[in-house]
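Single-structure report; data block below.
The values are calculated or read from the model by the stated rules, or taken from the named source; none is laboratory data. Just so it is clear, the structure is predicted and the values come from calculations on it, not from any experiment. With ideal geometry, Cβ positions are generated from the backbone for all residues, glycine too; neighbour counts draw on all protein chains shown.
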Ligand SMILES: [Zn+2]
């Protein structure tokens, strides 16, 4: 009997969070056509892999293009064609990927315009709306930069692509590229298993943040990067998200939902971070306690020591 009362007490002490299924998530892929992929001449091939996985799992993904990287080779330009031919949207991720706080305002926005020019034939062909994402989510360091950005978004009707599920996928990918070069299959398998857990933990963290800030589950925006690791791991990740009752919707649909809509053409809070961090400031509500599990600091303290332990043979053979 005592146990029952304890149980009831526990249930009623939980915060009220409404979950309505299916939950919704948009998948976004940054740094198209991929730094390492362009360098190794695998941009088009990997874009085809991404396209077939997204098609198979019915995911209307959006890819963010770095203009200078895309225009580097024939292979890198072909990757954009493969991506768009598969019905996936292309969006702007600046010309050279220099963070906003490290660039002059003028240089930064003229680079954005240059990438717009590169993407113009695709816009014309597919009739997409303009969408933009800041490199490293860096929204500048001074109020003048925030004003200039908001003016650009509003005057050009360019949607600002927020991120709610941030990840450290790029840090895992560095190890992955290293292990695939040395061909250590055990290290590759171990890293893939850790990476899968990391992505699911970042989704869980975003759900906890959504509960803390909005007292409900809002549509999520997942950020991953164009790399070999994601091309290999996406089928498992997408399958798991479906099992967890997620529906895949477009980035534009998420940005049109009530929680994001007021900030479609507007920076919420300037420091570089994810949507829940910005909204915790805006709504004066606390994020979940402890270190942000999607952050690089968390990667360094929790995931990297495990990579070093489990993949030691590959690291020693460098
Ligand atoms: Zn980027």
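Mind checking whether some residue in region 228-246 is under 22 Å from residue 190 (Cβ atoms), at pLDDT 95 or above and touching a strand residue (DSSP E or B) at 6+ places or on another chain (Cβ under 6 Å)? Yes, the conditions are met somewhere in region 228-246. Given the criteria surrounded by 24 or more Cβ atoms within 10 Å (Cβ to Cβ) and either within 16 Å of the ligand (Cβ to nearest atom) or in a helix (DSSP H, G or I) (or both), does residue 224 qualify? When the stated conditions are applied, residue 224 passes them. Evaluating residue 64 against the criteria (1) part of a helix (DSSP H, G or I); (2) crowded, with 23+ Cβ neighbours inside 10 Å leaves one unmet condition, (1). When residue 64 is tested against (1) within 14 Å of the ligand (Cβ to nearest atom); (2) in contact with a helix residue (DSSP H, G or I) (Cβ under 7 Å, 6 or more places away or on another chain), just one condition goes unmet, and that condition is (2). Restricting attention to region 35-52, the residues being more than 9 Å from residue 227 (Cα to Cα) and out of contact with any strand residue (DSSP E or B) (no Cβ under 9 Å at 6 or more places or on another chain) number 11. Taken as a whole, region 26-43 holds at least one residue that is modelled with pLDDT of 95 or more, within 30 Å of residue 208 (Cα to Cα) and either part of a loop (DSSP other than H, G, I, E, B) or away from the ligand (no atom under 14 Å from the Cβ) (or both).
Does any residue of region 209-220 turn out to be in contact with a strand residue (DSSP E or B) (Cβ under 8 Å, 6 or more places away or on another chain), part of a helix (DSSP H, G or I) and more than 16 Å from the ligand (Cβ to nearest atom)?
Yes, region 209-220 contains at least one residue that is in contact with a strand residue (DSSP E or B) (Cβ under 8 Å, 6 or more places away or on another chain), part of a helix (DSSP H, G or I) and more than 16 Å from the ligand (Cβ to nearest atom).
Residues that are touching a residue at least 12 places away in the same chain (Cβ under 8 Å) and not in a helix (DSSP H, G or I) within region 237-258 comprise 244, 245, 246, 247, 248, 249, 250, 257, listed in sequence order.
Per-residue answers, yes or no, for (1) under 23 Å from residue 226 (Cα atoms); (2) at pLDDT 95 or above; (3) in contact with a helix residue (DSSP H, G or I) (Cβ under 8 Å, 6 or more places away or on another chain):
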residue: 152; (1), (2), (3): no, yes, yes
residue: 157; (1), (2), (3): no, yes, no
residue: 161; (1), (2), (3): yes, yes, yes
residue: 169; (1), (2), (3): yes, yes, yes
residue: 184; (1), (2), (3): yes, no, yes
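Output the residues belonging to region 259-318 that are surrounded by 14 or more Cβ atoms within 10 Å (Cβ to Cβ), part of a loop (DSSP other than H, G, I, E, B) and free of Cβ contacts under 8 Å to residues at least 60 places away in the same chain. Matches in region 259-318: 259, 269. For region 47-58, the candidate set comprises residues that are more than 19 Å from residue 123 (Cβ to Cβ) and surrounded by 22 or more Cβ atoms within 10 Å (Cβ to Cβ); within that set, the residue that is nearest to the ligand (Cβ to nearest atom) is 50.
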